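Okay, so here's the structure we're looking at.
The values are calculated or read from the model by the stated rules, or taken from the named source; none is laboratory data. What you are looking at is a predicted structure, and each value in this text was computed from that prediction instead of being measured. Note: ideal-geometry Cβ built from the backbone for every residue, glycine included; neighbour counts use all protein chains shown. Just so you know, the surface numbers come from the protein's heavy atoms only, side chains and all, with ligands and any DNA or RNA stripped out. Shrake-Rupley method; radii C 1.70, N 1.55, O 1.52, S 1.80 Å.
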Amino acid sequence: MGKSRLEAFSDGVLAVIITIMVLELKVPHGSDWTALQPLLPVFLSYVLSFIYIAIYWNNHHHMLHTVRRVEGSILWANLHLLFWLSLVPFVTGWMGENQFAALTTSLYGFVLLMAAVAYWILQKCIIVTHGGDESLLAKAVMKDHKGKGSILLYAIAIPSAFWSEWIAGAIYVLVAIIWLVPDRRIERILAE
């Protein structure tokens, strides 16, 4: 099976996720700047989550350039990733509405952790399907310091939220910044 349906479905789900998140931003009942103040936590959580979804979409897009054929394992691994990403609007809204309370901030990190693990599983399925260590994707992500480091940082942030929500939030922002730096590994391998 080709990859076009997988790409189209994934793009559609990610677009819906972003749409659901923006619908959580409620219009204030005042017309001055103070009316926006209570919305600040919701807006900040939305911005962070939007960045995360954009990062996943970008990296998913690049990763699928290495795919020549799609098998069942790739389909299920992709659905697994989309499942965790589909929970991002819920945890985003819950965290923002509750001013980054410890449990909400921790659960937000748990969803990010599970999405990162799901992405890693999808990578492994693509690598196995396309020749193992000799596949284009395997050559591109060999050591994957960013991916492993992100999982470690999420694992630190989740319990940290119960000590300090700000530390956990800073870790989530740090991981997003790490991934905002363009990752050219796949592009370099495809260019060769």
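Going through region 165-178 one residue at a time, which ones are modelled with pLDDT under 95 and open to solvent by less than 50 Å² (accessible area, probe 1.4 Å)?
none
Taking the conditions exactly as written (at negative phi, modelled with pLDDT under 95 and either out of contact with any Ser or Thr (no Cβ under 6 Å at 6 or more places or on another chain) or of a type in the set (Gly, Ala, Ser) (or both)), does Glu97 satisfy them or not? Steps first, answer last, please.
Details: at negative phi: yes; modelled with pLDDT under 95: yes; either out of contact with any Ser or Thr (no Cβ under 6 Å at 6 or more places or on another chain) or of a type in the set (Gly, Ala, Ser) (or both): yes.
Spelling it out, Glu97 is indeed at negative phi, modelled with pLDDT under 95 and either out of contact with any Ser or Thr (no Cβ under 6 Å at 6 or more places or on another chain) or of a type in the set (Gly, Ala, Ser) (or both).
Cβ-Cβ distance below 8 Å, separation of 6 or more or different chains: which pairs start in region 94-121 with a residue that is among the β-branched types (Val, Ile, Thr) and end on one that is open to solvent by 60 Å² or more (accessible area, probe 1.4 Å) and outside any helix (DSSP H, G or I)?
Within 8 Å, the pairs are Thr104/Asn98.
Residue-wise test of (1) within 14 Å of the chain's Cα centre (by Cα); (2) open to solvent by less than 40 Å² (accessible area, probe 1.4 Å).
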| position | (1), (2) |
| --- | --- |
| Gly2 | no, no |
| Ala15 | yes, no |
| Ile20 | no, no |
| Ser31 | no, no |
| Leu48 | yes, yes |
| Ile55 | yes, yes |
| Asn59 | yes, yes |
| Val67 | no, yes |
| Glu71 | no, no |
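Based on what the data block shows, is Val141 farther than 25 Å from Trp76 by Cα and crowded, with 18+ Cβ neighbours inside 10 Å?
No.
Per-residue answers, yes or no, for (1) of a type in the set (Phe, Trp, Tyr); (2) surrounded by fewer than 17 Cβ atoms within 10 Å (Cβ to Cβ):
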{"site": "Ala8", "(1), (2)": "no, yes"}
{"site": "Glu24", "(1), (2)": "no, no"}
{"site": "Val42", "(1), (2)": "no, no"}
{"site": "Ala77", "(1), (2)": "no, no"}
{"site": "His80", "(1), (2)": "no, no"}
{"site": "Trp84", "(1), (2)": "yes, no"}
{"site": "Thr92", "(1), (2)": "no, no"}
{"site": "Ala102", "(1), (2)": "no, yes"}
{"site": "Leu113", "(1), (2)": "no, no"}
